[in-house]
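Where a number appears in this text, it was derived from the coordinates with a stated rule and is not lab data. Just so you know, these numbers come straight off a predicted model, no measurement behind them. Counting neighbours? That spans all protein chains shown, and the Cβs are built from the backbone with ideal geometry, glycine included.
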Amino acid sequence: MLKPITLFFAVLISLTCSSQAIDLSVDLIPDSLLKNANRVTRFEKLVLEVTDIDRASFKVQEITTILNSSGKSKLDFVFESNKFFKLGDFEVKVYDANGKQINKYKKKDLTTFNFGEGLIDDGIRNYIIIPAPSYPLTVEFQYDIILKGTLHFPHYSIAEPSISVINSSYTAIFPKQFGIRYKAKNTDLAPVKTDDGKTETYTWTVNNHPALTFEDGAVSAGKSYPSILLAPTKFKIDNYEGDMSSWKNFGNWYNAVLAGTDKISDGKKQYYQNMVNGASSNKEKIKIIYDYLQKNFRYVSIQMGIGGQKPFPADFTDEKKYGDCKGLSNYMYTVLKSLGIKSYLALINRRANDEGVDADFPCDRFNHVILFVPDGKDSIWLECTSKTALFGTLDNTTENRNAILITENGGVLVATPESQSASNTFNVRTTITLDENGSGNCVSDIKGTGSYKDDMLYYLSESKRDDQKAYLVKTIGYKQPDEMLITRIADPVAYNTNITLAIEKVSEFMAGSKMFLAPHIYKFWSYKMPATEKRLRDFYFEVPFQKSDTTIYKLPAGYVIDVLPAGNKFSSETGDYRSSYTFNESERAIYSITRLELKKHKVSPAQYQPTKEFFDKVLKEEAQRIVIKKGEQEKLKAF
């Protein structure tokens, strides 16, 4: 729970603060607020004012001292305008460590460009990267955002890792007849409320809050750190008025937004009907249509809500053969409807390991649309923006969370599928023909599914040769090759590839007549979980997974085994590991076989230490070495 520490601070900061009234010298920041901090929020005043059911403004004044380069992200300002969100006045001032102003930027200094590939007529990205001559320095932002629609309200992020706060406030002002709702997350901070009969005002204030300690693997400020969520009760956007007091009501509003967007021509309906003739089940029909759309339609990246909540009509998407997430999902919905197959658009927040929407607090946190198809006991989830996703699968940006189905009876809260280790597999079989000088030829067959497949599709199929080599060496951990040949193998499920490498130094090192070899030609597992006295927040791996490796070392003439590791197997609540080492006499080859499974990607604070101990043990096993030497066969020794 948030319990601000009360400290004496010499400068009185009024509610109408001016930077000229504050001595911004870094020396005035209390030592207690420098601890664990990369940035210090000296002053922050956020004001949300709702003036009508579809009109509001959000004013920001923020003065932040950036202590070192780790806090430099604050120097990047990016704002995406559209017909619902406009950037008003904008000014930035920069101060040195002594509080002397050294630079100033206005709205004319922002770089702007249009985005959206013609799907939206006013999508404009505004940005500036403020140079830092040295650290520490202080930056003051003052700007306002004009909201032409009240569907979404900015939330109040109270505290984040490595950022301490001297004074911060968030004020929400709104007419009583429209109502506003809020929910405190990971904090007991309550607002001061006032009421003048026509309007209500809520103000949250934070003073002298020390920086939270950064914990590796914790995700999502709203999920892990103190914040206040805000949302309207009654709202209006793009001429559609709604009620957000329940998810059911919100779904009814979105049904009105969708009305009339699900039309395609009779000729196109017949085209798709002919396509699925002969399919033995609805599931087979859905897959045929999904595969066709993957091959023939293109995704344009426009976040949900930009360009309007309303998808472009299905016939428009059909003509253009491209669309954003809501447009492509709505097109798939329309085609399935024409075939008599029921489906539902699902609004979701697309972000790795996000918790999704709150069951008890309806608010707009959506940036993506997918499709849900009920099919008896087996529901089908479709990611309509991907050209590579397997039919009926989601990834770590959309699984493990709540979403809202838009049904004929309004919004319905549902959970997307949970991550399964069997969905993310990385299997390698490598044969290495060793030379007596420690070099060798390496042939690897690699198969990846799920998250691994996505990575390899991007880095091995769609990248330049140097980028491919960098991915193999820096990400997978292969030894630096002198020659490389990558051959893609057709596979409907996995990314399947054959990689041939000539490597000058296969061995870890050589000592006299002995050659020391790693269990694998790449780093099978190298991540060391950080030590901590007491974990406070959940730790997240990217995804649960299953990795397996078979490495075959073919010995050079005259070499025999000196040391062969014994192998091991052990398990925990989180993972399972097993390894074995054998020598095939007829092939004169060593077989190193390893399997690692991460059963679940979310680790609670109570499970953190046992999980760390498990992976520390994996690292110890992976640090073992096979030793071969020139000479006669001797009795095998084991580490």
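Values for this structure:
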{"read-out": "Radius, Kirkwood style, for region 359-481 when every pair of distinct Cα atoms is counted (Å)", "value": "17.9 Å"}
{"read-out": "Tail fraction, Cα-Cα pairs, region 520-639, threshold 26 Å, whole percent", "value": "32 percent"}
{"read-out": "Rg followed by Dmax, in Å, when region 437-492 is reduced to its Cα trace", "value": "12.0, 41"}
{"read-out": "Projected area, mean over directions - region 412-508, Cα convex hull, nm²", "value": "8.1 nm²"}
{"read-out": "Region 377-454: trypsin sites (Lys or Arg not before Pro) falling in loop per DSSP and having at most 10 other Cβ within 10 Å", "value": "K377"}
{"read-out": "Euclidean distance between Cα centres, region 58-88 to region 469-536, Å", "value": "40 Å"}
{"read-out": "Chain lengthening between K599 and K320 when straightened (0.36 nm per residue, less Cα-Cα)", "value": "96.2 nm"}
{"read-out": "Formal net charge of residues neighbouring L293 (Cβ-Cβ distance under 12 Å; K, R +1; D, E -1)", "value": "+2"}
{"read-out": "Prolate/oblate/rounded label for region 329-400 (Cα gyration tensor, a/c 1.5)", "value": "prolate"}
{"read-out": "Relative contact order (%) - criterion: Cα under 8 Å, at least six apart; region: the chain", "value": "10 percent"}
{"read-out": "Gyration tensor (alpha-carbon) shape descriptor, region 19-237, a/c threshold 1.5", "value": "oblate"}
{"read-out": "Subset of K479/K630; K321/K469; K236/K263; K74/K234; K248/K453 violating a 28 Å alpha-carbon distance limit", "value": "K321/K469; K74/K234; K248/K453"}
{"read-out": "Candidate lysines for bridging to K612, where Cα separation is under 20 Å - those fewer than 8 sequence places away on the same chain excluded", "value": "K523, K528, K534, K547, K569, K599, K600, K602, K620"}
{"read-out": "Which labelled figure in [x] 24; [y] 10; [z] 16 is percent of Cα pairs over 50 Å apart, once derived from the coordinates", "value": "[x]"}
{"read-out": "Ratio Rg/Rh [Cα only; Rh per Kirkwood] for region 163-241", "value": "1.06"}
{"read-out": "Region 422-630: radius of gyration over Cα atoms, expressed as a fraction of 2.2 N^0.38 Å", "value": "1.07"}
{"read-out": "Kirkwood hydrodynamic radius of region 218-359, Cα pairs, Å", "value": "17.2 Å"}
{"read-out": "Sorted by Cβ density within 10 Å, fewest first, the residues V78, V219, V139", "value": "V78, V219, V139"}
{"read-out": "Under the Karplus curve 6.51 cos²θ - 1.76 cosθ + 1.60, θ = phi - 60°, whole-Hz ³J(HN,Hα) for region 406-416, x wherever Gly or Pro sits", "value": "9, 9, 5, 9, x, x, 10, 6, 9, 9, 6"}
{"read-out": "Region 328-372: trypsin sites (Lys or Arg not before Pro) in DSSP loop, at most 15 other beta carbons within 10 Å", "value": "K342"}
{"read-out": "Region 607-616 - phi-based ³J(HN,Hα) in whole Hz, Karplus 6.51/-1.76/1.60, Gly and Pro as x", "value": "8, 4, 5, x, 5, 4, 4, 4, 6, 5"}
{"read-out": "Length gained when the stretch N255-S70 is fully extended (0.36 nm per residue, less Cα-Cα span)", "value": "62.1 nm"}
{"read-out": "Radius, Kirkwood style, for region 251-335 when every pair of distinct Cα atoms is counted (Å)", "value": "13.6 Å"}
